[in-house]
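Asker: Following this message is one structure expressed as structure tokens.
Read the figures in this text as sums done on the coordinates, not as results from a lab. Just so it is clear, the model here is predicted, and its values are computed rather than measured. Here the Cβ positions follow ideal geometry from the backbone for every residue, glycine too, while neighbour counts run over all protein chains shown.
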Amino acid sequence: MLNIFGKKKKEFKAQCHISKEPVQKESSYFITTAELISSKKFWDNVMTEPETMSYTVSHFKNGDKTATHMRSMIFNKYSSEDKPWIISESYIHLFEVDKSKSRETAEKWWDLKGQFEPEESKSSLQNLGDKAFEEIKSYAVMDAGRSRVA
């Protein structure tokens with residue numbers, strides 16, 4: 001699209017907040033931080049990725065406190081800020097969310113060029129509650145990926 005000076009308008013682009021790969025409007029989903037961290041499938045995936053697997057193996061096989069601490073830091077990376085998460089079609093299966101609502105919210109986010117943030121995404125961690133947060137953290141740090149370590 002050209003503006004009155006003949007310059008091309010910059011097209012809005014986005015990337016999956018998990019994979020960092022480009023995503024298109026029609027194949028993206030919007031989830032909250034609470035929805036993201038509440039998924040055991042997500043934590044099993046994160047803690048067994050090639051860059052984190054060594055921590056998982058050391059945590060389970062050797063009881064390595066440094067590896068456990070690194071797993072805790074990984075949890076903190078994802079849970080430290082209530083924000084919108086745009087997720088690609090390749091990763092949405094990790095989350096138990098209403099996919100049609102998630103797509104609808106992602107469309108609004110795209111239409112407003114990433115400037116849309118529904119109220120529930122600003123306070124999702126607070127709404128989760130301390131007890132649920134601690135249970136999720138315990139799973140992510142202490143148990144996620146156990147089945148992948150022989």
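Asker: From the set of residues in the stretch 105-128 that are loosely packed, with under 14 Cβ neighbours inside 10 Å and of a type in the set (S, T, N, Q), which is farthest from residue 44 (Cα to Cα)?
Answerer: For the stretch 105-128, the residue satisfying everything is 115.
Asker: When you scan the stretch 110-119, do you find a residue that is within 16 Å of the chain's Cα centre (by Cα), among the charged types (D, E, K, R) and part of a loop (DSSP other than H, G, I, E, B), even just one?
Answerer: Yes: one or more hits.
Asker: Just need a number here: residues in the stretch 129-141 that are over 18 Å from residue 41 (Cα atoms) and under 17 Å from the mean Cα position of the chain (by Cα).
Answerer: Number satisfying all stated conditions: 0.
Asker: Right, here's the next one. Given the conditions (1) touching a Pro at 6+ places or on another chain (Cβ under 9 Å); (2) surrounded by 19 or more Cβ atoms within 10 Å (Cβ to Cβ); (3) more than 22 Å from residue 144 (Cβ to Cβ), and given that residue 28 satisfies all but one, which numbered condition is not satisfied?
Answerer: (1)
Asker: Condition test on residue 99, is it under 16 Å from the mean Cα position of the chain (by Cα) and either of a type outside the set (A, V, I, L, M) or surrounded by fewer than 20 Cβ atoms within 10 Å (Cβ to Cβ) (or both)?
Answerer: In short, yes.
Asker: Can you go through 83, 61 and tell me which one is part of a helix (DSSP H, G or I) and either in contact (Cβ under 8 Å) with a residue 60 or more places away in the chain or closer than 30 Å to residue 26 by Cβ (or both)?
Answerer: Details: 83 fails: part of a helix (DSSP H, G or I).
None of the others qualify; the one that does is 61.
Asker: Could you please find all residues in the stretch 64-80 being assigned to a loop (DSSP other than H, G, I, E, B) and touching a helix residue (DSSP H, G or I) at 6+ places or on another chain (Cβ under 8 Å)?
Answerer: Initially, the stretch 64-80 is screened for residues assigned to a loop (DSSP other than H, G, I, E, B), giving 64, 80.
Across the stretch 64-80, the qualifying residue is only 64.
Asker: Further, regarding this structure: Out of the residues in the stretch 134-147 meeting the condition of being assigned to a helix (DSSP H, G or I) and in contact with a helix residue (DSSP H, G or I) (Cβ under 7 Å, 6 or more places away or on another chain), tell me which one is surrounded by the most Cβ atoms within 10 Å (Cβ to Cβ). Full working, then the answer.
Answerer: Pass one, the stretch 134-147, residues assigned to a helix (DSSP H, G or I): 134-143, 146-147.
Remaining after also requiring in contact with a helix residue (DSSP H, G or I) (Cβ under 7 Å, 6 or more places away or on another chain): 136-137, 139-141, 146.
Numbers: 136: 19, 137: 16, 139: 18, 140: 25, 141: 20, 146: 14.
Among those residues, the one meeting the criterion is 140.
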